[in-house]
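The numbers here are math on the coordinates, done by the rules we state, and not lab data. Everything numeric here is computed off the predicted structure, so don't read it as measured data. Every residue, glycine among them, receives a Cβ derived from its backbone with ideal geometry; neighbour counts consider all protein chains shown.
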Amino acid sequence: MNKYLQLFRFANGIMGVLGVIAGALIAAGLDMADHWVRLIVASLVVVLFIAGGNALNDHIDRDIDIVSHPERPIPSGRMTPKEALYAGIVAFIASIAASFFLWDDVLSIAIVLAACVLMLSYELFLKQRGFVGNVTIAVLTGMLFLLGGAVVYNVGSVIIVAAMAALVSIGREIAKDIEDMGGDEGRVTLPMRIGVKGASMVASVTLLAGAALSIWPLITDMFGPLYYLILAADAVFIYASFIIRKDAHSAQKLCKYAMLIALAAFMLGAVYT
């Protein structure tokens, strides 16, 4: 794989774009097409933002990744730490610059700027603080949906979806910390602080809370019948919540797949109302 493609992890960027589109669909339905230029700009902003965050992450975690992710560009010797740092800085600056093409929408620009502050704070300070870092990443995940809503001028309608996404993201982030305990030097993650059993319980609670929150749109008829696909995602989240302690790697992978199913449920439910 090209070292920059691997550094930026564009698959994550595509997931981010899907979050924005899902937020726009939930907020405006197919009328979101009326804002297609703004959606393209927002998608570019998100791809650049996630690329910058991943590059900065690989620069800072280069020693940890020797154990946890030896295949990545820096530990594998295909890229120097400075190259990753400069690539991350350029991507972040480009993301902020692109957001100003949404000049008539102060809320969208504010969301992007707040996300950049949170991401930089996470990589430089909060990552080492364990659970606070997990929550920060979860908030950033939820902000993707908020940006999608803001782009179509209806951010209020996506708040519950953003909250659900944030909750299940906390669970997945904790599962990843459990998986990476052997290589997490210089960090005090939640499983390090309270043990694998305690951290697994916290992760399970957030996953189950996210699954429970997803039922609210069914009760209120917020989406069309295809939203019932969310029950499949909930089943995976619930299963993952029960296996985190014994198999954190499988649990966090399952959560990622469940997030994709949930995205499909949101989007299909918003279109076919």
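Here the Karplus relation 6.51 cos²θ - 1.76 cosθ + 1.60, evaluated at θ = phi - 60°, turns the backbone of segment 81-92 into coupling constants of x, 5, 4, 5, 5, 5, 5, x, 4, 4, 5, 5 Hz, with x for every Gly and Pro. Taking R0 as 30 Å, what FRET efficiency do you get between Leu30 and Lys253 from their Cβ-Cβ distance, rounded to the nearest 0.05? The calculated FRET efficiency here is 0.35.
Only aspartates and glutamates eight or more places from Lys253 in sequence, or on another chain, were considered; those with a Cα closer than 17 Å are Glu173, Asp177, Glu179, Asp180, Asp234.
As a footprinting exposure proxy, order Leu48, Leu231 by other Cβ within 10 Å, with the fewest listed first. Don't skip to the answer; put the middle values down first.
On the way: Leu48 22, Leu231 14.
Sorted ascending by nearby Cβ count, the order is Leu231, Leu48.
Each residue of segment 249-259 was assigned a 3J(HN,Hα) from its phi angle through the Karplus expression (A = 6.51, B = -1.76, C = 1.60, θ = phi - 60°), giving 4, 5, 4, 6, 5, 4, 4, 5, 5, 5, 5 Hz with x at Gly and Pro. Within the chain, the longest segment free of exposed loop sites, counting GluC sites (Glu not before Pro) that fall outside DSSP classes H, G, I, E and B and have at most 12 other Cβ atoms within 10 Å, spans 72-184.
Per 0.36 nm of contour for each residue apart, how much would the distance between Asp104 and Lys246 grow if the chain were fully extended, relative to their Cα-Cα spacing? Display every interim value, and only then the final one.
Details: separation 142, 0.36 × 142 = 51.12 nm, distance 5.00 nm.
Contour length minus the Cα-Cα distance gives 46.1 nm.
In percent, rounded to a whole number, the relative contact order of segment 127-246 is 26, using alpha-carbon pairs under 8 Å and six or more apart.
Quick one: Cys116, Cys255, fewest Cβ neighbours within 10 Å first, how do they rank?
Details: Cys116 20, Cys255 26.
Least crowded to most crowded, the residues run Cys116, Cys255.
The helix-only estimate of mean residue ellipticity at 222 nm for the chain, built from DSSP H runs of length n ≥ 4 each weighted as -39500 (n - 2.57), is -24500 deg cm²/dmol after division by the residue total. How far is the Cα center of segment 5-30 from the Cα center of segment 33-88, in Å? Each part's Cα centre sits 16 Å from the other's.
The label point for Val67 and the one for Tyr153, both projected 7 Å from the Cα toward the Cβ, are 5.4 nm apart. For Lys82, the lysines whose Cα comes closer than 22 Å to its Cα, not counting residues fewer than 8 places off in the same chain, are Lys3, Lys127.
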